[in-house]
Amino acid sequence: MSDYDFAALQRTWQPVWESLDLFRPRGSGPRRSMVDMFAYPSGDLHMGHAEAYAFGDAVARFWIQQGYDVLHPVGWDSFGLPAENAAIRRGTHPADWTYANIETQAASFRQYATSVDWRTRLHTSDPSYYRWTQWLFLRLLERGLAVRRRSAVNWCPADRTVLANEQVIAGRCERCGAAVTKRDLTQWFFTITTYADQLLDDLDSLEGHWPSAVLTMQRNWIGRSTGAYLDFGPVRVFTTRPDTVHGATFLVVAPDSEVAASLCTPGQRPAFDAYLARVRAASEIEHMATDRPRTGVFLGAYGTHPFTGARLPIWAADYVLPGYGTGAVMAVPAHDTRDREFADAFNLPHTPPSPAAAPPPTGPPPAASPPATPSPTTHSPAASPPTAPSPTAPSHAAGTTAPSADTAVGHERDAAIAAVVAEAEARGVGHAGVTYRLRDWLVSRQRYWGCPIPVVHCAACGVVPVPDDQLPVVLPDLRGADLAPRGVSPLAAARDWAEVDCPRCGGPAERDTDTMDTFVDSSWYFLRYCSPAYEQGPFDPEAVRRWMPVDQYVGGAEHAVLHLLYVRFFTKVLRDLGLIDFGEPFRRLLTQGQVVLNGAAMSKSKGNMVDLGEQIAAHGVDAVRLTMVFAGPPGDDIDWADVSPSGSSRFLGRVLRLAADVTCPPGADPAAGSPQLRRTTHRLLRTITDLMEERRLNVAVARAMELANAARRAVDEGLAGDPAVREAAEALAVVLSLFTPYTAEEMWARLGHEPGVARAGWPAVDPALAAETTVTCALQVNGKLRDRLTVPADISARDLEALALGSPAVAGREIRRTVVRPPTLVNVVTG
Ligand code: ANZ
Ligand code: ZN
């Protein structure tokens, strides 16, 4: 084989490896587990898969070579909307589309030669898998972690359809252009917020092991804010700045909230209703925009300032979000920009009037009564008797206007906050508290291709769990049915499926016709991998004890929050259920960058897709894998316009020729070989080992290329028969087996070995040979050169100092101090 015939290599070695069953875990010895985020089966594998699997596989194969027993599983995240949409578009069944794609991907996977154990293979859409997803749902239900609540969804009144946020463009239905509104539906939630503190605090233990960008995104997503809850008459607010309480001049509640609806006075009702309708029609994006005009409506009601007793008008405005804190804020225009803009827009005061000398309130402040005219601009705060703060109130509030806290910074501000909170607690008008940006996880979907929710609704008994021994609740086939979203699940149309006897009373009941968010399926699959055929539970506890938590998880940074947060949540719940004994699923996380083209993300609609199959057909699996790994640090994007798979392919041709050129027979003692080449080999091996530990895969490949060049030079200098050349070529084959398994196997064969380079074993590094070369160190005494020392280039400062002090040049002198600059200079200052 003179040319690099990758197709022949792929044809030759793939069946040989399968017959050798190289990647079955051996079941003993120190273990490691390497999990790639499993694939979603829409079409064939793409460049992003190829990238992630090249990285993950290099790590798994590195561990195998080091002698670890490795679990490296494979599976498919096979429920989900794209299958359903494809089915609607093409008139196929989601299952047919899904399983056909899985077969296509599986074949590509095998060809891509990742070190996975095919016995672990799972699909989340198989009843044997989702039986346990349902079982876990029921455990969450028992614990009160799965609850039903009404919640607003996007609704297209023309299509009578629920829309995902992405389907709402500028407040209109993506399909028909009708103005989208909100609609209340009863939905299932997992109360992930009850784990907010743990999910946040435990991120500290992942520091240094997960990319810091992911940790930051999770922290922001959970968004813990510390402050206080304060009572303003009928309205309770959350504030992070209790110290500004004396600057509060009005109250604002979220329009789409219970509190707004219940406080609105009859006179303001029409204005409020009109405003609410307008708010509901606006998209999320509009709500978030900071530059849009402030809108709002006076509710006709008043709250009472907890300290001064002042009457504060209550407004509804959409800059206050219904789901955050209490959905109500005390507006402090003197300190808060949004409040100031709102005050300016509606002519509300920036500061409260100076309190006249008045006794502190002795009891609850007087109840506010609405003024005759419900216009906020006619409202006079002086109508309520202003009161002086109590003797224990924070000094900044003492008889002055509120903005005095402006200058409070750092400790001062913290002290002011603590004082206000203490005062509020003493008066029984509030307490310290936290709130989170994190929302409960809405898990029900009114869609077909997902895991059925295993409960039954009975008119007499309410929500009744399907008994464990009746799981799985199998998804009905619904072949030929219309699966388009209609606001109710297509499952509701399957009457003979939906109508059942109540498991509790035997009366007529109906199955829950929603399916679960696919993120539920993917929140526990890594555990199922340990025992994919286990039938007594979701996983075999023994197997999980052996393999879990996952040592290395690899996948896309786009999952930084949703998937990676949900998995962490599930792990903690399973631990609290006593099913596992660890609280974090993934010890180490590697998030790969994207594969882009000419700086732009690839997409079908832009027509700039690089097709993985075509790349493999043109350059071979190994060249594509090598290109992926060599392109740059694993976290960076790879611009396919900037890389050279044909360059990779030329390199692989060279190493094959190198292996063929080695004439020294197998088994020769390398100790007899060229010391110079041996030093290079061992030094590079040591570096490559460290680089692999640090997951600096691209640099490890660069060092392997150096090794190839050094061996080539030696052959060209006539050393083809030298055992050191064989040693270098064999080491290179093992190192390359992590990245380019076909080529490495072929090298191994040409070097006279039986197949199975994947398990050849990581070459032992001889520390003496790997030690850095020596350098000359100048030894000065009082700044004058007195001696030259030959020292290892990587000598430590301590060793170098000891060596210098042992020199005859300093012997017998009284030493005041030494200046040590390893490895080249020591200056000894004598007395
Ligand atoms: C008075 C105040 C004065 C506030 C001040 C801030 C600055 P973070 O840090 O994001 O937690 N707020 C409370 N609930 C809200 C809601 N549902 N929608 C919109 N805003 C809300 O922000 C907390 C602050 O955001 C709270 O503290 C509250 O305004 C507002 F100089 O209270 B603050
Ligand atoms: Zn019943």
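The values are calculated or read from the model by the stated rules, or taken from the named source; none is laboratory data. Bear in mind the structure is a predicted one, so any value in this text is a computation, not a measurement. All Cβ positions, even for glycine, are placed from backbone atoms using ideal geometry, and neighbour counts span all protein chains on display.
Here are the numbers for this structure:
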read-out: Segment 417-436 - residue that is outside any strand (DSSP E or B) and within 12 Å of ligand 1 (Cβ to nearest atom) and, of those, farthest from HIS246 (Cα to Cα); value: ILE417
read-out: Selected residue [within 16 Å of ligand 1 (Cβ to nearest atom), without any contact (Cβ under 8 Å) to a residue 40 or more places away in the chain and of a type in the set (S, T, N, Q)] from THR308, THR337, THR351, THR326; value: THR337
read-out: Options TYR534, TYR529, TYR525: the member that is surrounded by fewer than 19 Cβ atoms within 10 Å (Cβ to Cβ) and among the hydroxyl-bearing types (Ser, Thr, Tyr); value: TYR534
read-out: Residue that is farthest from ligand 1 (Cβ to nearest atom), among those in segment 540-552 that are in contact with a Lys or Arg (Cβ under 8 Å, 6 or more places away or on another chain) and not in a strand (DSSP E or B); value: ARG546
read-out: Top-ranked residue of segment 474-524 - restricted to ones that are polar (S, T, N, Q), part of a loop (DSSP other than H, G, I, E, B) and in contact with a helix residue (DSSP H, G or I) (Cβ under 9 Å, 6 or more places away or on another chain), ranked as nearest to ligand 2 (Cβ to nearest atom); value: THR513
read-out: Matching residues, segment 535-572, being of a type in the set (Asp, Glu) and within 9 Å of the chain's Cα centre (by Cα); value: GLU558
read-out: Residue in segment 194-208 that is aromatic (Phe, Trp, Tyr) and either assigned to a strand (DSSP E or B) or free of Cβ contacts under 8 Å to residues at least 24 places away in the same chain (or both) present; value: no
read-out: Conditions (1) charged (D, E, K, R); (2) at pLDDT below 95; (3) surrounded by fewer than 19 Cβ atoms within 10 Å (Cβ to Cβ); number of the one not met by ARG445; value: (3)
read-out: Unmet criterion (only one of (1) at pLDDT 95 or above; (2) outside any helix (DSSP H, G or I)) for ASP291; value: (1)
read-out: Boolean, ALA271 is in a helix (DSSP H, G or I) and either surrounded by 23 or more Cβ atoms within 10 Å (Cβ to Cβ) or out of contact with any strand residue (DSSP E or B) (no Cβ under 6 Å at 6 or more places or on another chain) (or both); value: no
read-out: Residue check, ALA623 surrounded by fewer than 23 Cβ atoms within 10 Å (Cβ to Cβ), of a type outside the set (D, E, K, R) and more than 17 Å from ARG696 (Cβ to Cβ); value: no
read-out: Residue selected from segment 465-478 under the condition surrounded by fewer than 16 Cβ atoms within 10 Å (Cβ to Cβ) and within 26 Å of ALA86 (Cα to Cα), by the criterion farthest from ligand 1 (Cβ to nearest atom); value: ASP477
read-out: Residue list for segment 594-633, restricted to those being part of a helix (DSSP H, G or I) and free of Cβ contacts under 8 Å to residues at least 12 places away in the same chain; value: GLU614, ALA617
read-out: Subset tally (residues that are touching a helix residue (DSSP H, G or I) at 6+ places or on another chain (Cβ under 8 Å) and of a type in the set (D, E, K, R)) for segment 127-138; value: 0
read-out: Segment 650-681 - residue that is under 38 Å from the mean Cα position of the chain (by Cα) and surrounded by 19 or more Cβ atoms within 10 Å (Cβ to Cβ) and, of those, nearest to ALA7 (Cα to Cα); value: LEU652
read-out: The one condition in (1) at pLDDT below 95; (2) in a loop (DSSP other than H, G, I, E, B) that PRO73 fails to fulfil; value: (1)
read-out: Residue match in segment 137-148 (condition: more than 30 Å from GLU258 (Cα to Cα) and crowded, with 16+ Cβ neighbours inside 10 Å); value: yes
read-out: In segment 307-349, the residues that are within 42 Å of the chain's Cα centre (by Cα), in a loop (DSSP other than H, G, I, E, B) and surrounded by 24 or more Cβ atoms within 10 Å (Cβ to Cβ); value: VAL320, VAL332
read-out: Long-range neighbours under 6 Å by Cβ, at least six apart or interchain, first residue more than 30 Å from VAL624 (Cα to Cα) within segment 88-111, second assigned to a helix (DSSP H, G or I) and not hydrophobic (A, V, I, L, M, F, W, C); value: PRO94/GLU84
read-out: ALA248 vs. criteria under 30 Å from PHE570 (Cβ atoms), in contact with a strand residue (DSSP E or B) (Cβ under 7 Å, 6 or more places away or on another chain) and within 16 Å of ligand 1 (Cβ to nearest atom); value: no
read-out: Residue among GLY506, GLY462, GLY450, GLY537 that is away from ligand 1 (no atom under 16 Å from the Cβ) and closer than 17 Å to ASN85 by Cα; value: GLY450
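Conditions (1) outside the structural domain of ALA720 (by TED's automatic domain parsing); (2) within 24 Å of GLU745 (Cβ to Cβ); (3) touching a Ser or Thr at 6+ places or on another chain (Cβ under 6 Å), marked per residue:
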{"residue": "TRP640", "(1), (2), (3)": "yes, no, no"}
{"residue": "ARG654", "(1), (2), (3)": "no, yes, no"}
{"residue": "THR663", "(1), (2), (3)": "no, yes, no"}
{"residue": "PRO670", "(1), (2), (3)": "no, yes, no"}
{"residue": "ARG683", "(1), (2), (3)": "no, no, no"}
{"residue": "ARG686", "(1), (2), (3)": "no, no, no"}
{"residue": "THR689", "(1), (2), (3)": "no, yes, no"}
{"residue": "ALA700", "(1), (2), (3)": "no, yes, no"}
